[in-house]
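For reference, the structure is listed below as structure tokens.
Nothing in this text is a laboratory measurement; each read-out follows from the coordinates by a stated rule. Everything numeric here is computed off the predicted structure, so don't read it as measured data. Cβ sites come from the backbone with ideal geometry, for glycine too, and all protein chains shown count toward neighbours.
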Amino acid sequence: MELRVAGHEVLLTLNKSYCCEDESTILQAVAKFKPLVDYLTKLNTEGFQLSSLTILNVSYIAQRIVYVTFDALFASVKTRDTVSQVITLSDDTVAAYLPVVKNNDVSYAVLVEQKRIPVGGASVVEAFSGVQLTNKNFSGPNASLLAAANLPVEGLTSLTANEVVVGNEGSAPTVFLSSTTEVSDAELARLQSGVSEDGASIVVIALEDVISKAVDVKAAVAAALLLQQN
């Protein structure tokens, strides 16, 4: 289907590898997706034109679209050279969550270890990824793991005044969240033993060691912000 952007037509299509039962329904839903509407309304097209948007992935929570990832193709008005950029838009605020547990005045970061396709299916130790809902609670694919670890998803602390963007990576702006929970020796030992759910496991690292030991930039940024506040 076609969208009207800055006075010209932009092709909205699905990537050939995207599997769905009703292409038309998905295209219509994505075309009405508010973050996309807002993005196209605010898009500064000086010097270039948006030619096409190819949908790479659509993510749902409770049958509601929350993320859409596009491959956007832009063309220079002067040279007609083209450049593509992967862009992720989200209906909720994208969030990185680094819970902290304290035992005998020592702070520990609680991270999740899970396999990630972009690094060849290798296991990555990282901060929890998800969204901050309109009620300010955290929700994400590892919600059951957080529950098994008795870690909160409500009343979390925002570590920055504003959402954070990472240069030209095309990812949605992210808010960094944290919480602090006092735990007993027994509960700390339980967490350190590796609580697991759905192929993901809890990893506990001293907060001051996260920056040097973590390979996940979200975890490193969150730890740095927390250490700066202490």
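Just to check I understand the Karplus step: with θ = phi - 60° and J = 6.51 cos²θ - 1.76 cosθ + 1.60, what whole-Hz values come out for the stretch 87-103, glycine and proline as x?
Couplings: 10, 10, 10, 9, 7, 9, 6, 5, 9, 10, 10, 10, x, 10, 10, 10, 9 Hz.
Would you calculate the separation in nanometres between label points at N150 and R80, each defined as 7 Å from the Cα along the Cα-to-beta-carbon direction?
Going by the 7 Å Cα→Cβ label model, 6.7 nm.
Considering amide H positions built from the backbone, and no H for Pro or chain starts, which residues 5 or more places from A95, or on another chain, come under 5 Å of its amide H?
It is G130, V131, Q132, V175, by chain and number.
Take every Cα-Cα distance within the stretch 78-144, group them into 5 Å bins from 0 onward, and report for each bin the whole-number percent of pairs it holds.
In order of increasing distance, the bins hold 4, 12, 15, 17, 17, 13, 8, 6, 4, 2, 1, 1, 0 percent.
Work out how much length S212 to A29 would gain on full extension: take 0.36 nm times their residue separation and subtract the Cα-Cα distance, in nm to one decimal.
Length difference between fully extended and current span is 61.6 nm.
Measuring from a point 7 Å past the Cα of S193 along Cα-to-C-beta, which residues in the stretch 123-137 have an amide N at less than 18 Å?
none
Which of the three applies to the stretch 2-90, rounded, prolate or oblate, going by the alpha-carbon gyration tensor with a ≥ b ≥ c and a/c under 1.5 meaning rounded? Don't skip to the end; give the middle numbers.
Values: a/c = 2.10, a/b = 1.74, b/c = 1.21.
Prolate is the answer for the stretch 2-90, as a/c is 1.5 or above and a/b outweighs b/c.
Among the DSSP beta bridges whose two residues both lie in the chain, what percent are antiparallel, rounded to the nearest 5?
On the way: 52 of 65 bridges.
Around 80 percent antiparallel, to the nearest 5.
Between I61 and residues 5 or more places away or on another chain, which pairs have amide H atoms under 5 Å apart, with H built 1.01 Å from N, and which residues are they?
V66
Go ahead and run the numbers for FRET between E113 and K16, Cβ-Cβ distance against an R0 of 35 Å, rounding to 0.05.
E between E113 and K16, to the nearest 0.05, is 0.55.
Out of S129, S179, S51, any idea which swings most in a Gaussian network model of the chain, alpha carbons joined below 10 Å?
S51
Hey, what's the Kirkwood Rh for the stretch 93-229 if you take every pair of different alpha carbons, in angstrom?
After inverting the pairwise mean of 1/r, the radius is 15.1 Å.
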